[in-house]
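Novice: One structure, pasted below without further comment.
Values in this text are rule-based calculations from the coordinates and carry no lab data. Note that the structure is a prediction, hence the values are computed from the model and not measured. Using ideal geometry, Cβ is built from the backbone for each residue, glycine included, and neighbour counts are taken over all protein chains shown.
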Amino acid sequence: MSAAGVSAAGAVMDQYQHATKAGGKEELGKNEFLELLVAQLNNQNPLEPQNNGDFIAQLAQFSTVEGVEKLNSSMQTILSGYQSSQALQASSLVGRKVIIPSEKAVVDTSETFKASMVLPQSSSNVYVNVYSADGSLATRINMGAQETGNVSFMWDGKNSDGETMPPGTYKFEAQASIDGEIKGLYTLLPANVDSVTLGHGNGELLLNLAGLGSVPLSQVQIIGQ
């Protein structure tokens, strides 16, 4: 390559480096690479043409740059399709009931409330304490002896005096006697989906639950009707 070729290619590189510093880039783009290659070909010494191996190597580099751009474009297309799928999935969840790990639920006390708990091993004494919004104990649901696994329970919406409690948010504290000790249990409670937030943090859907706030879709155990 002649001195003129070196100078021309160097000038293009200097322009590129100035532009990348101003624009915050760190890598050589397809257009900049092509400009350098053309400048080099136009200014090489006819008596000392560029070595075929060097030229093929440069073309291979150009192909790599082109391939990376196509890969990025394909990934953007896939991501766009995934987000569209999320949006479709989200629209089908609004207005439906889901079952999530939680200790609180919004209860319509005019109807029987149904939920479940996770019992890690058999117990002779399982019960659920129901607390009202002000923290006072409304009632205790005695389940008696239960086997290992998911244990269903129901609440009729009444306190320990047989009076119907007002609708609202209640806390359910499930406990069991295991190996002589009282241990707390995970409860799986129903909640209504008011709306959905797309693309939160790592891109996961957030379900906005009535009276309970937001939870990731991954926490949902069951999607109801």
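Novice: Under 5 Å between amide hydrogens, which residues at least 5 positions from residue 178 or on another chain qualify, with H placed 1.01 Å from N in the peptide plane?
Specialist: 183
Novice: Using the Karplus equation 6.51 cos²θ - 1.76 cosθ + 1.60 (θ = phi - 60°), what ³J(HN,Hα) coupling, rounded to whole Hz, does each residue of the stretch 99-115 give in order, writing x for Gly and Pro?
Specialist: 10, 10, x, 6, 9, 10, 8, 8, 10, 8, 6, 7, 10, 6, 8, 10, 7
Novice: First select every other residue whose beta carbon is under 15 angstrom from the beta carbon of residue 224; then total the charges, Lys and Arg +1, Asp and Glu -1. Intermediate values should be presented prior to the final figure.
Specialist: Values: positive: 96, 97, 114; negative: 108, 111, 194.
Charge balance in the 15 Å sphere: 0.
Novice: Please give the net charge around residue 157, taking every other residue with its beta carbon less than 14 angstrom from that of residue 157, where Lys and Arg add +1 and Asp and Glu add -1. It would help to have the intermediate numbers written out before the result.
Specialist: Numbers: positive: 114, 158; negative: 108, 111, 156, 161, 163.
Computed value for this residue: -3.
Novice: Amide H to amide H, which residues 5 or more places from residue 122 or on other chains are under 5 Å from it, using H placed in the peptide plane?
Specialist: Amide H neighbours of residue 122, under 5 Å, 5+ apart: 148.
Novice: Taking the alpha-carbon set of the stretch 156-225, what are its Rg and Dmax in Å?
Specialist: That works out to 16.5, 48 Å for Rg and Dmax.
Novice: Could I ask something else about it? At R0 = 30 Å, how high is the FRET efficiency between residue 97 and residue 134 if r is their beta carbon distance? Nearest 0.05 is fine.
Specialist: Working: r = 26 Å, r/R0 = 0.87.
So the FRET efficiency works out to roughly 0.70.
Novice: Follow-up question, since we're still on this one. Using 1/(1 + (r/R0)^6) with R0 = 30 angstrom and r between the beta carbons of residue 183 and residue 112, what's the FRET efficiency to the nearest 0.05? Please report the intermediate quantities before stating the final value.
Specialist: Working: r = 27 Å, r/R0 = 0.89.
The formula returns an efficiency of 0.65 here.
Novice: Return the FRET efficiency for the residue pair residue 164, residue 198: r is the Cβ-Cβ distance, R0 is 30 Å, and the value is rounded to the nearest 0.05.
Specialist: Numbers: r = 39 Å, r/R0 = 1.32.
FRET efficiency, residue 164 to residue 198: 0.15.
Novice: Now a separate question. Summing +1 for each Lys or Arg and -1 for each Asp or Glu, what net charge is found among the other residues whose Cβ lies under 15 Å from the Cβ of residue 100?
Specialist: Details: positive: 96, 97, 104, 114, 171; negative: 103, 194, 204.
Local charge sum for residue 100: +2.
Novice: Using amide H atoms built in the peptide plane, which far-off residues or other-chain residues are under 5 Å from residue 157 H to H?
Specialist: Amide H neighbours of residue 157: 113.
Novice: Next question. Through the Karplus equation 6.51 cos²θ - 1.76 cosθ + 1.60, θ set to phi - 60°, convert the phi angles of the stretch 116-131 into ³J(HN,Hα) values in whole Hz; use x for Gly and Pro.
Specialist: 8, 9, 10, 9, x, 7, 4, 9, 8, 8, 10, 8, 10, 8, 10, 10
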